[in-house]
Protein chains: 2
Amino acid sequence: MSDGYPIGDVARRLGLSVDALRYYERAGVLPPADRDAGGRRRYAEHDVHLLEVLLHLRDTGMPLAEIATFTGLVRQDPAGVPERLALLRAHREVLTARIAALTRSLGVIDGKIADYDARLTAAAGAPGAR
Amino acid sequence: MSDGYPIGDVARRLGLSVDALRYYERAGVLPPADRDAGGRRRYAEHDVHLLEVLLHLRDTGMPLAEIATFTGLVRQDPAGVPERLALLRAHREVLTARIAALTRSLGVIDGKIADYDARLTAAAGAPGAR
DNA sequence: CTGGCACCTGGAGCGCTCTCCAGGTCAAGC
DNA sequence: GCTTGACCTGGAGAGCGCTCCAGGTGCCAG
């Protein structure tokens with residue numbers, strides 16, 4: 001039955017490199033994968049689900065070291081649930097603050113775009129303007 | 001009249017290190033600052049304004065190399081205005097996409113928080129639940 | 001039996017963005 | 001006149017997140 005997906009399949013499915021996946025395992029971001037008889041990693045569906053969640057954490061700016069902490073808590077299920085919750089709530093705060101900051105910066109950039117646009121249309125509308 | 005602010009003042013005002021400021025100049029992110037008689041950098045108000053805009057670009061994920069391109073265009077004012085506009089518009093697209101992605105990830109994280117919350121209240125509300 | 005391919009390990013290397021350091025100059029205050 | 005502190009330069013070092021490599025194993029197809 002050769003349970004689970006090989007590393008290449010998982011990498012392709014999630015748009016990662018196999019090197020990145022192995023690197024995550026070394027770094028503790030991923031729990032050590034099960035191995036088949038030949039020593040190759042085999043990923044179960046729930047491993048992939050966990051990885052997808054971890055990628056959302058990564059993509060929202062959580063450092064790998066902190067994701068590794070989270071993964072460590074997942075591995076002590078169910079004992080780690082309160083800490084996991086606290087960690088996610090703290091990250092949620094950071095993330096909403098970041099989104100707010102990005103949105104403010106977007107406003108500044110839009111202001112600049114409007115400026116340049118005005119300069120350009122002014123120059124076009126009144127060539128050789130006084 | 002010793003025109004302009006010394007590097008330390010600018011750094012404090014914008015929350016940067018003086019090393020970072022000098023690094024930005026080396027990298028072309030900042031135009032070479034004017035110098036006083038003793039060779040020390042002196043920043044005029046408009047230098048600080050430019051820097052603030054550049055920091056918004058940096059904070060929204062634009063790589064320093066690209067910011068340096070932008071700065072180069074600023075230095076050829078007014079010739080560089082159309083390219084600056086194009087560059088900002090392109091960055092604006094990237095940025096809105098990033099904000100959207102972060103918002104989606106926030107939703108996933110909120111879902112996880114809700115899950116854990118439910119597990120915790122279930123465990124508390126029905127200790128030794130069947 | 002021979003390729004070829006996906007996988008393995010340990011470790012080196014890389015791109016980015018700073019940060020720190022040694023060694024030196026200069027102006028102001030005591 | 002001497003110390004102190006902010007500034008200068010060029011260059012090395014650091015942390016993060018991968019990416020690449022050499023050298024090797026095991027399985028399947030032809």
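Can you tell which of A:L55, A:L51, A:L87 is out of contact with any His (no Cβ under 9 Å at 6 or more places or on another chain), within 11 Å of another protein chain (Cβ to nearest Cβ), within 14 Å of A:L21 (Cα to Cα) and not basic (K, R)?
A:L55
Taking into account only those residues within region B:28-76 that are of a type in the set (G, A, S) and in a loop (DSSP other than H, G, I, E, B), which is nearest to DNA strand C (Cβ to nearest atom)?
Ranking the qualifying residues of region B:28-76, first place goes to B:G38.
Given the conditions (1) open to solvent by 60 Å² or more (accessible area, probe 1.4 Å); (2) modelled with pLDDT of 95 or more; (3) more than 30 Å from B:L88 (Cα to Cα), which single one is not true for A:D115?
(3)
What's the total number of residues in region A:13-38 that are surrounded by 13 or more Cβ atoms within 10 Å (Cβ to Cβ), over 16 Å from the mean Cα position of the chain (by Cα) and farther than 21 Å from A:R75 by Cα?
Qualifying residue count for the region: 1.
Going by the conditions given, is B:A79 in a loop (DSSP other than H, G, I, E, B) and surrounded by fewer than 14 Cβ atoms within 10 Å (Cβ to Cβ)?
Spelling it out, B:A79 is indeed in a loop (DSSP other than H, G, I, E, B) and surrounded by fewer than 14 Cβ atoms within 10 Å (Cβ to Cβ).
List pairs: first residue in region B:36-49 and free of Cβ contacts under 8 Å to residues at least 12 places away in the same chain, second residue of a type in the set (V, I, T) anywhere in the structure, Cβ distance under 6 angstrom, at least six positions apart or on different chains.
none
Residue pairs, Cβ under 7 Å, 6 or more apart or interchain, first in region A:7-35 and more than 11 Å from A:L51 (Cα to Cα), second more than 11 Å from DNA strand D (Cβ to nearest atom) and of a type in the set (D, E). List them.
If the second residue must be more than 11 Å from DNA strand D (Cβ to nearest atom) and of a type in the set (D, E), the pairs left are A:A33/A:D47.
Residues in region B:97-106: is at least one free of Cβ contacts under 8 Å to residues at least 60 places away in the same chain, farther than 30 Å from A:H91 by Cα and open to solvent by 30 Å² or more (accessible area, probe 1.4 Å)?
No, that holds for no residue.
Being away from DNA strand D (no atom under 12 Å from the Cβ), within 14 Å of chain A (Cβ to nearest Cβ) and on the phi > 0 side of the Ramachandran plot: is that true of B:G80 here? Break it down stepwise before answering.
Numbers: away from DNA strand D (no atom under 12 Å from the Cβ): yes; within 14 Å of chain A (Cβ to nearest Cβ): yes; on the phi > 0 side of the Ramachandran plot: no.
For B:G80, the condition - away from DNA strand D (no atom under 12 Å from the Cβ), within 14 Å of chain A (Cβ to nearest Cβ) and on the phi > 0 side of the Ramachandran plot - is not met.
The values are calculated or read from the model by the stated rules, or taken from the named source; none is laboratory data. A quick note: this is a predicted structure, and the numbers were derived from the prediction, not measured. All Cβ positions, even for glycine, are placed from backbone atoms using ideal geometry, and neighbour counts span all protein chains on display. Surface accessibility is based on the protein's heavy atoms, side chains included, excluding ligands, DNA and RNA. Shrake-Rupley method; radii C 1.70, N 1.55, O 1.52, S 1.80 Å.
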